[in-house]
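Structure, as C-alpha cells:
Read the figures in this text as sums done on the coordinates, not as results from a lab. Nothing here was measured: the structure is a model prediction, and the numbers come from that model. No Cβ is skipped: glycine too gets one built from the backbone with ideal geometry, and neighbour counts run over all protein chains shown.
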Ligand SMILES: Nc1nc2c(c(=O)[nH]1)N[C@@H](CN(C=O)c1ccc(C(=O)N[C@@H](CCC(=O)O)C(=O)O)cc1)CN2
C-alpha cells in the first residue's frame, strides 16, 4: 500500500467532539437540538444506519425522535409521519431513511418535508439553494467527502473530479458542491450510459466512486497520486465490498477505506446539519 489513508473514522470522531461543544453552548442558551428519523420497513442495513444516527446524537447531546413504520405502510402513512415531524417543536430537523420500500414514492415524501427541517439536504428547496449558491443544509455524503478531503489537505481547487454514479444522495449533488466558487473543482459525472469510463477515470485527480458496483474502479484506470473515495456498498458473505479494487491503493496518492471512510463522515455531517439548523434558529 502506497496511498495515504483518508481516515473517516478518526476525522468523524474529531468533528463529533467539536459538535459536542457547540451543542453544550446551545443548551446553555436553553436550546436542545433534536434529530428525527423516519424508518419504513425492515431492511437490516437501513435499521443499522438509523440506529447509528441515534447513537451519534446521544454522544454529542442531541435529542432523538424515532418514528418507525412497517413495510406494509402506505404512502399516506409515511406522509402523515412527515406532517407530524413538520409540526413537532422538539424536532430541529429530520431525515427519511432511503431507500423507501418498493411501492412507495420517495419524491412526494421529500417534497412534503418542511425545508427548514431538512437535515439531509435532499428537499428540492435545499438542492435548489445549493444550485443557486444560497446557504442551507447540504447533502451529508457529499459534504462529508469535501470535509474529509479538506482535513487531509487534498487540493480541491482546480482539481479534475470524476464522480461515478448519479444517485440522489451522492452523485447528483456532489457536482453542485464541488463546482461552487469556494471549492472550484471541474466535475465530470459518469454513469451507466458513459461510453468509456476508464478514459474519464484516468484523467481524474479525485475519483468519487458511488455506483454500488463491486471493484468497478481498477488500478489501471487510476492516475498515480490521485485521491480515491470509495462510497459504494455491496455485500458479499456479510462483508462490505466497495466500488474500488484493493489494488488501487498501490497507485493512488490518497484512498478512503470502506468501511471506515466516507460512511462515518456521512453520519458526522448529519449531526453538523442539525447543529447548524439549531444555531441558525437561535440566531448564533
Ligand atoms: N436519508 C438518507 N438515506 C440514506 C443516506 C443518507 O445520507 N440519507 N445515505 C445512505 C446510508 N447512510 C446514511 O443514511 C449511511 C451509510 C453508511 C454509513 C456507515 O457509517 N457505514 C460504515 C459501515 C457500516 C457497515 O458495516 O455496514 C462505514 O462506512 O464505515 C453510515 C450511513 C443511504 N441512505
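What ranking, highest mean first, results for peptides 166-178, 35-47 when packing means the other Cβ atoms within 10 Å averaged over each residue?
My ranking of the peptides, most packed first, is 166-178, 35-47.
Apply the a/c threshold of 1.5 to the C-alpha gyration tensor of the stretch 25-118 and tell me whether it is rounded, prolate or oblate.
Taking the square roots of the gyration eigenvalues as a ≥ b ≥ c, the stretch 25-118 is oblate.
How many percent of DSSP beta bridges within the chain run antiparallel, rounded to 5?
Antiparallel bridges: around 10 percent, rounded to the nearest 5.
Any idea what angle helix 44-60 forms with the longest principal axis of the chain, computed on alpha-carbon atoms, 0 to 90 degrees, nearest 10?
70
So how tilted is helix 75-87 from the main axis of the chain? Cα-based, degrees 0 to 90, rounded to 10.
Long axis of 75-87 versus the principal axis of the chain: about 70 degrees.
With a 10 Å Cβ neighbour count serving as the proxy for reagent exposure, in which order, fewest first, do 94, 49 appear?
49, 94
Between 204, 73, 227, where does the largest GNM mean-square fluctuation fall for the chain, given springs only between Cα atoms within less than 10 Å?
In the Gaussian network model the winner is 73.
Over the stretch 25-118, what relative contact order in percent results from Cα pairs under 8 Å that are six or more residues apart?
About 37 percent, as a whole number.
Quick one: compute the contact order of the chain, relative version, from alpha carbon pairs under 8 angstrom and 6+ residues apart, as a percent.
Here the relative contact order equals 23 percent.
Using only Cα atoms and rounding to the nearest 10 degrees, what angle (0 to 90) does helix 8-28 make with the longest principal axis of the chain?
It is inclined by approximately 30 degrees.
Give me the number: length gained by fully extending residue 235 to residue 192, i.e. 0.36 nm times residue separation minus the C-alpha to C-alpha distance, one decimal in nm.
13.5 nm
Calculate, for residue 112 and residue 218, the FRET efficiency according to 1/(1 + (r/R0)^6) with r their C-beta to C-beta distance and R0 51 Å; round to the nearest 0.05.
0.75
With only alpha-carbon pairs counted, each pair once and no self-pairs, how large is the Kirkwood hydrodynamic radius of the chain in angstroms?
19.4
Spin-label point model (7 Å from Cα, Cβ direction): what's the residue 20 to residue 88 distance in nm?
2.5
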